[in-house]
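Please treat every number below as a calculation from the coordinates, not as lab data. Computed from a prediction, not measured in an experiment: that's the story for all the values here. Don't worry about glycine lacking a Cβ; one is built from the backbone with ideal geometry, like all the others, and counts go over all protein chains shown.
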DNA sequence: ATTCGCAAATTTGTTAGACAACTTATAAAC
DNA sequence: GTTTATAAGTTGTCTAACAAATTTGCGAAT
């Protein structure tokens, strides 16, 4: 009996709450223009009937849309769609990233990482340099393909972004790193290349040295080589 | 009477809903580590007592946190904080941007715009080229410092991002453009430089020509000159 | 003493109904 | 015709309850 229950749970593990599904549905309608910008959503009453749920659930769904900056509500008036040009939240649609999406995301990351390395070379403080070295050390001591190793890898890049002194770099690189994290993990564990950690550490070292030497061009170049190498290792072997 | 009411409304224009304020409060506690990753939030019951509101309001606040990827809830268990490395939403904290923040955001945008121009030069289709030209035309026909003019300016950059064929470029540049939109508008209207539109159009033309000629280096360089010029015009005169 | 099973207590998910606060449309009064 | 009350419609909030899932604690069987 318990075993069967477990199987059932495995087959249908995540019964997504109604509010989440409705929010996704409405968000899709907004993004593809089915509900134009400036227009009002149906009233909470109508939506609750339409989706066959209580008004509470509809309100929780709309709460999410508000948080995403997709809509805006005014008491007594209604809920209206905010123009795409004013949206203040950038979001990866949560789901798993397909291979092609990962490549596109890496393509977005590359110029940012290069700029990050260049800026860090010019602006870094001693403390930030120590943080970069610390991430490097932790990766050195980590087991191959371990979770800690990948984390230290991401921390290395994040430490550089922080050393730019520009919080947007730090935040956005952390965001991108998190999105790529799962991908990197599986890629590492599936790779047949046994030297992947050693090579990565060497490339990191060159970046760190160029930053320490306050040589932005060398730092950017070393970062480019590292990203190209990492991309090859992820897709290639 | 009506006049006085208007004044009152101006003085206290936005009584922020309780759910929004609580969501902000909790988000702050999470981001600055007051509630560590992996830990559970207080129960909805306790939070409703703590903030002096109903459970409904607390649930709407938590709904927003879920949408932001800050927390995750499991029925029967509780609401737990998601590690920063896994957050899947990048958000500008809604408020108005200070001058320093704008500069930092422009610094983030620059390498992306340059990469965007380079990629667009290599990958653009005829249709995407037409869209770039269209934005350029609309800006030409627009009134100086008008809302349409700024919109056409942003559309020009967005069209280039779309021509990269990489949806993440398109989405993120649209996001950044929206965030900078208000700033650009005020900067334009406050500027004493009467030729600002003409100069911008000339710089845009050089970018468009380099893209059409499929010359990535020239496109990137023209974009750099444009951004540096725009930044100077925004802060300088 | 340890482990297993099971019921009870917790906790989130959902529903229903009600009232308050605000906006908008309507009708009445001037 | 303009302005002013009135009413209707809509979002914001509260209360009370039950459903569904998880966690906890207790007792029994081994």
Using only Cα atoms, tell me the angle between helix A:55-67 and the longest principal axis of chain A; keep it within 0 to 90° and round to the nearest 10.
40 degrees
Per-selection metrics, region A:8-162 (Cα): Rg and Dmax in Å:
22.0, 61
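On average, how much area does the Cα convex hull of the protein assembly as shown cover when viewed from any direction, in nm²?
Seen from a random direction, the Cα hull of the protein assembly as shown projects 27.9 nm² on average.
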What is the calculated FRET efficiency for residue A:206 to residue B:89, with r their C-beta to C-beta distance and R₀ = 35 Å, to the nearest 0.05?
0.55
Residue by residue through A:61-71, how many Cβ atoms from other chains fall within 10 Å of the Cβ on average?
6
Within a 10 angstrom radius of each residue's Cβ in A:172-178, how many Cβ atoms of other chains show up on average? Whole number is fine.
4
Using a label position 7 Å from Cα in the Cα→Cβ direction, what is the ascending list of nm distances from residue A:225 to the same site in the other copies?
3.2
Residues residue B:125 and residue A:228, FRET efficiency given R0 of 25 Å [Cβ-Cβ distance, rounded to 0.05]
0.45
Computed helical MRE - 222 nm, chain A, DSSP H runs ≥ 4 contributing -39500 (n - 2.57), nearest 500
-23000 deg cm²/dmol
Alpha-carbon centroid distance for the pair region A:10-84 / region A:140-159, whole angstrom:
39 Å
Based on the mean of other beta carbon atoms within 10 Å per residue, what is the order of B:143-154, B:108-119, most packed first?
B:108-119, B:143-154
Label position 7 Å from Cα toward Cβ: report the copy-to-copy distances for residue A:134 in nm, one decimal, ordered from shortest.
5.2
For helix A:18-31, report the angle its Cα long axis makes with the longest principal axis of the Cα atoms of chain A; keep it between 0 and 90° and round to the nearest 10°.
80 degrees
How many nm separate the modelled label positions at residue B:190 and residue A:36, each set 7 Å beyond the Cα in the direction of the Cβ?
3.4 nm
For residue B:99, inter-copy label-point distances (7 Å, Cα→Cβ), nm, shortest first, read 5.2
